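The values are calculated or read from the model by the stated rules, or taken from the named source; none is laboratory data. The structure presented is a predicted model; accordingly, all values stated were derived computationally and were not measured. Methodologically, a virtual Cβ is constructed for each residue, glycine included, from the backbone with ideal geometry; neighbour enumeration extends over all protein chains shown.
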């Protein structure tokens, strides 16, 4: 899904207090506009139109906050974690913070403020620099920090997207040698770096990374299946008799099941429908699935975002589809991200 606003358009929309005063705003008018919601105060002396703010996705709101904070000429340190991720352009699933996260290497003490959460940690050579004129941790350091500290769903989605940005789409094929080499570099850095919280967890997330994921929802779906004990492939091809190929978001490796992952926006967002009505999009999807059913013995299921929000909602959807449990060999292995369900002898 392509966002309506990007870094350039959000940056251009951020206004300083001086800008507003020069446009015939008064100090009282600015305060009143903030109170009414027609202006959003992003940082000290930095504002955004309130209507635009309400249209932004959560990760775009975080980006707006980072851009506003970065306008401070006395800024020290660099942005990290989710705040660095949005500058790198990574997709973030439900970012939990709206304050800009600033890393101060070597600081003995740190303090938070209304718009900034400050932390201290070691930064090695090459782990930070300027991107779009903004000081941020490198892409590899950013995804490692997310893998250690961020919610699982967000961390894995960001890492998958980082692979796509660097190495392109991987449709129907395993991670390429370049992807494998880069992920191995992350593992080495995690193991060779200073002792930090969450390294074991991060190693497991790196192990799960897949360049074939094409959205945060696909990553979320894959994670839920893995947490339940299934082995999953991404962008599974189905070859039709006429030689054409359809790709399905996920395939359960040990079961003849294909899975599509959808959000409501696919059907309700006019910008994503390509000029079609919601009914036309639904009909096209049905025809695609019917064509696949005529070309493969595999069963096709469809999960929505609501089915994936929590493990409980995922298990409810799995029961509704009468999915068989994963093979016992996969359920019995112990992994840091595993949350095993209680299976009966027949179905979930």
- Message: Of everything in the range 240-256, what is farther than 12 Å from residue 171 by Cα, surrounded by 13 or more Cβ atoms within 10 Å (Cβ to Cβ) and either at pLDDT 85 or above or assigned by TED's automatic domain parsing to the domain that holds residue 171 (or both)? Give them in sequence order.
- Response: 251, 252, 253, 254, 255
- Filter result for the condition that a residue is crowded, with 24+ Cβ neighbours inside 10 Å, outside any loop (DSSP other than H, G, I, E, B) and out of contact with any strand residue (DSSP E or B) (no Cβ under 7 Å at 6 or more places or on another chain), over 66, 86: 86
- Query: Quick check: anything in the range 27-37 modelled with pLDDT of 95 or more and part of a loop (DSSP other than H, G, I, E, B)?
  - Reply: yes
- Task: Could you pull out the residue among 200, 222, 187, 204 that is part of a helix (DSSP H, G or I) and buried (at least 24 other Cβ atoms within 10 Å of the Cβ)?
- Result: 222
